[in-house]
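All of the numbers you see were taken from the coordinates with simple rules; none came from a lab. Since we're looking at a predicted model, the values are computed, not measured. As a convention, Cβ positions derive from the backbone with ideal geometry for all residues, glycine included, and neighbour counts pool all protein chains shown.
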Amino acid sequence: MKSDPVYLDYAATTPLDRRVAEAMQACLAEGGTFANPSSIHIAGRASAELVTRARARLADLLGADPNHLIWTSGATEANNLAILGAARFRAHQGRHLVTMLTEHKAVTAPFAALEKEGFEVTWLRPDAGGLLSAEILQAAIRQDTQLVSVMHVNNETGVIQDIGQLGEICRERNVLFHTDAAQSVGKLPLVLSDLPVDLLSLTAHKFYGPQGIGALYIAARPGCHVEPLTFGGGQERGLRPGTLPVHLIEGAGVAAAIAAAQMQEDLAHVTALCAQLMRGLAGIPDLRRNGAAQDTYPGILNVSAAGVEGESLLLGLEPVCVASGSACNSSSGESSAVLRAHGLDDSLAQSAVRFSFGRMTRPADIDFALQQYQCAVQHLRSIAPIVAVSP
Amino acid sequence: MSPIEPYNKTVREYFSHTSHAGDLSRDYAQVRDSAVAESVQGAKIALTVGIEGAIVIEMRFRVWGCPHLIAAAEWLCERQESKPAAALADFPLAEIMRQLSVPVEKTGRILLLEDALKLLVAQD
């Protein structure tokens, strides 16, 4: 019986790339670059230089100007700064905002907070494949709309929104466009200088960098600005004060450089793994893929098995580590709001499993996961009540 | 159980070895069955007992539910076999909660088993 974890939860967090770990260790070791980058002494200047280099590496990955990047603790903070900061900055012009029901909680929660502040939010629903149509966004934008937020790659289904088209609509209407790109940065090509994106959130731990460091991209154009959420020493142009974590920033920079150098290789690898997984799953009856078959990042595959309970499926899958469509062990036991917004009923949403994989995943891992999944689904279906039972 | 280890050894054991899941292996002088479902989270359970001479010879279950409910059903069926059919009326809730370290928020799901047992008893 295999007991070592088979990690297929890359959408939650990726393993640290060995080269990233080595660079971070060099910072943390005795004699490493650890000083406060705001200090003007020689050690501080060495840290500041390292921060500048990391910012340039990240900017290079994004096709952006390094001066347009603000370091944060991760995508959640970047999303909060973008959404709360931009809405408040432009509140004197209007208080209408637009986002989607399928966004990550790091986006929906700040919008919900703004509703309590008196902003009006239009929550858009995607089509059955998870995509937002240009027409629906067009119709949602009003004279007083100030901000639209649509994520690039959905964290549960991998569905890729056409942020170029959606951003263009916003730009034509002089509305700020924010995208949560936590799942796409470092995995899909992005050239922000060519995209109509005003604000973009990212986090390093989704592309083999360390946890605890992310960034917000803020385009340099009129009306595109955010109010700070915290106040202090004036770092990051006063938008995100606090001593910069040099070793984390170094890790993010190295991870960005590696991602830029081997993006096509990584993409080809996950595409092959996804095809392998889909071939194996094809033999299981009454299985549904959640999210559009096209327009999906191949490192994420979300499937629901009819007649199977999600929490039991996760236990049956052990030691394969995947994410479930249910809030296991929570008192609510609610199924995924994202999948329900896709039109799935509670039972199918609850049975959903998200396989997500990446650079370090081996074909043997996929084979093992397939074997476990097939056994677990077959067993749970075999012990389920045959006749329909009404509550 | 802590959120770090949500299932104790007993749950894992009974979840992995559901020898009482399925249908009765043969005909009995008396067969009783019941099925109940929970409206909130959709858990479902069906019980079947084969009785000879007022003794439960064989008890089987089918479940759509969480690992605790599956383990509880297996535990209950194993325990009821070879006992008088009258003992079906005694639902050992406290013992199940303790043996399986069931989180308190799942009490409702475990009580589904009691509802299914009551329906069996009502067929006496």
Near A:Ala75, within a Cβ-to-Cβ distance under 14 Å, what is the net charge of the other residues, with Lys and Arg +1 and Asp and Glu -1? +1
Distance check, please: which entries in B:Lys83/B:Lys106; A:Lys187/B:Lys106; A:Lys116/B:Lys106; A:Lys116/A:Lys187; B:Lys44/B:Lys83 exceed 30 angstrom between their Cα atoms? A:Lys187/B:Lys106; A:Lys116/B:Lys106; A:Lys116/A:Lys187
Report the relative contact order of chain A, percent, no decimals, based on alpha-carbon pairs under 8 angstrom and at least 6 residues apart. 22 percent
Averaged over peptide B:38-44, how many Cβ atoms belonging to another chain are found within 10 Å of each residue's Cβ? 6
In deg cm²/dmol, rounded to 500, what helix-only [θ] at 222 nm does the protein assembly as shown give when every DSSP H run of at least 4 residues adds -39500 (n - 2.57) and the total is split over its residues? -11500 deg cm²/dmol
Taking every residue in B:66-77, how many Cβ atoms of other protein chains lie within 10 Å of its Cβ, on average? 3
Shielding by partners for B:12-18, please: the mean number of other protein chain Cβ atoms within 10 Å of each residue's Cβ. 2
Under 8 Å for C-alpha pairs, at least 6 residues apart: give me the relative contact order for region B:9-121, rounded to a whole percent. 29 percent
By average Cβ neighbour count within 10 Å, what is the ranking of A:138-145, B:38-45, A:301-308, A:12-19 from highest down? A:301-308, B:38-45, A:12-19, A:138-145
Does region B:1-98 come out rounded, prolate or oblate by the C-alpha gyration tensor, with a ≥ b ≥ c the root eigenvalues, rounded set by a/c under 1.5 and, if not, prolate when a/b is larger than b/c and oblate if not? prolate
Starting from the Cα of A:Lys105, draw a straight line to each of the aspartates and glutamates and keep only those under 17 Å, dropping any in the same chain fewer than 8 residues away. A:Glu77, A:Glu115, A:Glu156, A:Asp180, A:Glu334
Ranked from highest to lowest mean number of other Cβ atoms within 10 Å per residue, what is the order of the peptides B:86-95, A:238-247, B:60-69? B:60-69, A:238-247, B:86-95
Taking region A:43-170 and dividing mean pair separation by its residue count, relative contact order in percent (alpha carbons under 8 Å, at least six apart): 23 percent
From the alpha carbon gyration tensor of region A:18-261, can you work out the equivalent ellipsoid semi-axes (sqrt of 5 times each eigenvalue) and give them in Å, largest to smallest? 32, 19, 14
Please list, by residue number, every one of the GluC sites (Glu not before Pro) in region A:9-63 that is coil in DSSP and has at most 14 other beta-carbon atoms within 10 Å. A:Glu30
Take the Cα coordinates of the protein assembly as shown, assign each an equal point scatterer, and use the Debye formula without solvent to give log10 I(q)/I(0) at q = 0.12, 0.13 Å⁻¹. -1.08, -1.19
